[in-house]
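Here's the structure we're looking at; comments come further down.
Here, each number is a calculation from the coordinates, and none is a lab measurement. Only a predicted model underlies this, so the values are computations on that prediction, with no experimental measurement involved. We place every Cβ from the backbone using ideal geometry, glycine too, and count neighbours over all the protein chains shown.
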Amino acid sequence: MSRSNSQRELLERELLARPVAGLQYMLGQLAREDGELTTLAVDGVFGARTLEAVLRFQWQARLPVTGVVDRQTWDAIRDRWQAQEASTGTARPVRLFPSEGARVEAGDRREYLILPQAMFQVLGRQFEGVEADRPDGVHGPASVRNAQWLQRAAGLPGSGAVDLATWEALSRLYEIFVVREGEGSSSAPAGWG
């Protein structure tokens with residue numbers, strides 16, 4: 001099952017929020033399918049391995065081999081990554097949010113809201129605008145403002161309610177910047193901590 005265009009657009013906006021991490025993520029995904037490319041850990045630092053990955057990609061794509069990620073290089077990486085995502089996008093193994101029509105409004109108490117609140121807590125270590133909030137299952141003022149922050153960033157209506165679209169945007173952000181950032185690195189804990 002492939003990802004929809006809106007999900008890919010959301011993911012690209014998330015990648016642009018942290019361009020080096022986004023670049024590393026896309027190149028790392030491409031390297032999983034192409035053994036000639038350099039595999040990378042997503043650490044947000046443009047170091048020697050990232051430079052090597054860019055140089056290899058530029059050479060393979062017949063672009064000027066400069067190591068500089070200009071617009072032409074970024075677009076080529078993004079386009080190849082999007083094509084790979086469209087053909088190999090994976091379905092989520094577990095459904096953690098209720099059905100399509102479910103909404104958690106301000107003041108609601110839902111046990112499953114604890115997970116999104118904990119995810120915001122971790123993401124708040126690196127993203128400005130995410131407020132500290134105790135994962136307690138109550139959609140209180142800080143929880144509502146965090147949902148609105150994400151909705152603005154993802155181009156969703158800023159209702160502050162947690163619905164399926166908000167959950168999916170949060171899941172992708174967490175997957176990219178916490179889960180996948182920790183993959184391949186045994187010396188550092190997963191996440192930005």
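Fully extending the segment from residue 132 to residue 83 would add 13.9 nm, taking 0.36 nm per residue of separation and subtracting the current Cα-Cα distance. Rounded to whole numbers, the Karplus 3J(HN,Hα) couplings from phi for region 133-141 are 8, 6, x, 10, x, 9, 7, x, x Hz, using 6.51 cos²θ - 1.76 cosθ + 1.60 with θ = phi - 60°, and x at Gly and Pro. By the beta-carbon count within 10 Å of each Cβ, the least crowded to most crowded order of 55, 37, 173, fewest first, is 55, 37, 173. Can you tell me the FRET efficiency between residue 100 and residue 55 if r is taken as the Cβ-Cβ distance and R0 is 35 Å, rounded to the nearest 0.05? It comes to 0.20.
The ranking of 62, 125 by Cβ neighbour count inside 10 Å, starting from the fewest, reads 62, 125. Charge dipole of region 103-182 (Cα centre as origin; +1 on each Lys and Arg Cβ, -1 on each Asp and Glu Cβ, all else neutral): 60 debye, rounded to the nearest 20.
Computed 3J(HN,Hα) for region 21-38, one whole-Hz value per residue from the Karplus formula 6.51 cos²θ - 1.76 cosθ + 1.60 where θ = phi - 60°, is 4, x, 4, 4, 4, 5, 5, x, 5, 5, 5, 5, 9, 10, x, 7, 8, 7, glycine and proline marked x.
Each residue of region 157-165 is assigned a 3J(HN,Hα), and the resulting list reads x, x, 6, x, 6, 9, 10, 4, 5 Hz, derived from the Karplus form 6.51 cos²θ - 1.76 cosθ + 1.60 (θ = phi - 60°), x at Gly and Pro.
Distance from the alpha carbon centroid of region 144-159 to that of region 27-47 works out to 30 angstrom.
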